[in-house]
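Working notes for the structure below.
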Protein chains: 2
Amino acid sequence: MKLLRIGEVTQQLQLSADTLRYYEKIGLLPRVARTEGGQRLFEPQDLSRLRFIQRAQKMGFSLDEIAHLLDFRAAPQQAKPQIRRLATEKLALIEQHVQDLTHLRNELTLLVNLCTQNADGCPIIEGIEGKEGDTRAS
Amino acid sequence: MKLLRIGEVTQQLQLSADTLRYYEKIGLLPRVARTEGGQRLFEPQDLSRLRFIQRAQKMGFSLDEIAHLLDFRAAPQQAKPQIRRLATEKLALIEQHVQDLTHLRNELTLLVNLCTQNADGCPIIEGIEGKEGDTRAS
DNA sequence: GCTTGACCTGGAGTGGGCTCCAAGTCTTAG
DNA sequence: CTAAGACTTGGAGCCCACTCCAGGTCAAGC
């Protein structure tokens, strides 16, 4: 069981020392072991927890939500319904977000293409101005 | 030419009075006309500017970028290259974002579906744990 | 022992886009 | 004229996830 000092962890996980201390401060990481002199010694389960945090974060969960997920992780069998609810909600948000962005992308692509072809006026400005990518006149 | 007080604008555009004052403060809106008593009177061009801001914002432009777009709007013909660059950059960002989110959505959908079928263990937690939705082992 | 670099703490600052507040002024209906 | 409600200002606070700082301590190589 090898203990890592904070600098080694920052290298392995690509997190800043400040971030690690911050996670501990807000309770996302339980208080990490220390040397006699008070310097942090990260244990393997800390690393595993941190990797979990990193992955959950990449999946769009907030630190707050991740705190819950970490609780659930200790007893996944009982927490399954909550976990599924959290994941489903997150999924719905992501889906909405993807749709909005896709719509936006289409509009903007249209405008940029028009701009490339069109010699006079500025279709992009006009597009924002009048929003004619959308059918309702507003 | 009808002048609107701030309350009427908030109703028409669904923006808070604070937001309108904030836009004026940061210069996104030039100083709005006032009554003798000092209360704001919004002119039609202010409203048009605000609508432009709202639409540009929905298209993912930051207030900072919108400030540029508004400058460009005054002389679209000369500014065309800059406008196109701004829009193209924004488009690239959006596209990247859509891809990331789509990937995420797929992963999460998979996990939620697994969770619905699978009686023991928690595929969502395990999925975050081991990230097996992704093929590279990390 | 000394130096150097890694590490510690508590607390303040960042950014983007608002949002809220207090204390005061203006406008308008009755 | 009065009262109520709309509006004014400057400035502080909020959210999130850090990030930076000063001033001090620890660990390790020579």
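Odds and ends about this structure:
- A:S62 meets all of the listed conditions (1) surrounded by 12 or more Cβ atoms within 10 Å (Cβ to Cβ); (2) of a type in the set (S, T, Y); (3) within 16 Å of DNA strand C (Cβ to nearest atom) but one, namely (1).
- Qualifying position, being within 16 Å of DNA strand D (Cβ to nearest atom), in a helix (DSSP H, G or I) and at pLDDT 95 or above, among A:L15, A:L20: A:L20
- Filter pass, A:Q54 being within 14 Å of chain B (Cβ to nearest Cβ), more than 8 Å from DNA strand D (Cβ to nearest atom) and modelled with pLDDT of 95 or more: yes
- Among the residues of the range A:75-110, those that are facing another protein chain (nearest Cβ under 9 Å), surrounded by fewer than 16 Cβ atoms within 10 Å (Cβ to Cβ) and modelled with pLDDT under 90 comprise A:Q77, A:D100.
- Only one entry of B:A75, B:A87 meets the criterion of being free of Cβ contacts under 8 Å to residues at least 24 places away in the same chain and under 23 Å from A:T102 (Cβ atoms), and that entry is B:A87.
- Answer from B:A67, B:A75 - the residue that is within 30 Å of A:T116 (Cβ to Cβ) and within 12 Å of DNA strand C (Cβ to nearest atom): B:A67
- Residue in the range A:37-44 that is more than 13 Å from DNA strand C (Cβ to nearest atom), closer than 29 Å to B:V112 by Cβ and modelled with pLDDT of 90 or more present: no
- Subset of the range A:23-37 (residues that are part of a loop (DSSP other than H, G, I, E, B) and either surrounded by 13 or more Cβ atoms within 10 Å (Cβ to Cβ) or among the basic types (K, R) (or both)): A:L28, A:L29, A:R31, A:V32
- Residues considered: B:V98, B:V112, B:V9. Of these, the only one that is assigned to a helix (DSSP H, G or I) and under 28 Å from A:L110 (Cβ atoms) is B:V98.
- Pairing each residue of the range B:1-30 that is of a type in the set (D, E, K, R) with any residue that is modelled with pLDDT of 95 or more and more than 12 Å from DNA strand C (Cβ to nearest atom), provided the two are 6+ apart or on different chains, yields C-beta distances under 9 Å for B:K2/B:E43; B:K2/B:P44; B:R5/B:F42; B:E8/B:F42; B:E24/B:P30; B:E24/B:R31; B:E24/B:V32.
- For B:G38: the one exception among (1) within 28 Å of A:K58 (Cβ to Cβ); (2) more than 10 Å from every other protein chain (Cβ to nearest Cβ): (1)
Each row is one residue, and each column tells you yes or no for (1) within 15 Å of DNA strand C (Cβ to nearest atom); (2) of a type in the set (K, R).
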site: A:Q12; (1), (2): yes, no
site: A:L29; (1), (2): yes, no
site: A:R34; (1), (2): yes, yes
site: A:R84; (1), (2): no, yes
site: A:T88; (1), (2): no, no
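- Among the candidates B:L50, B:L110, residue that is hydrophobic (A, V, I, L, M, F, W, C) and closer than 27 Å to A:D71 by Cβ: B:L110
The values are calculated or read from the model by the stated rules, or taken from the named source; none is laboratory data. The structure displayed is predicted, hence computed values, not measured ones. Note that we place each Cβ from the backbone using ideal geometry, even for glycine, and neighbour counts take in every protein chain shown.
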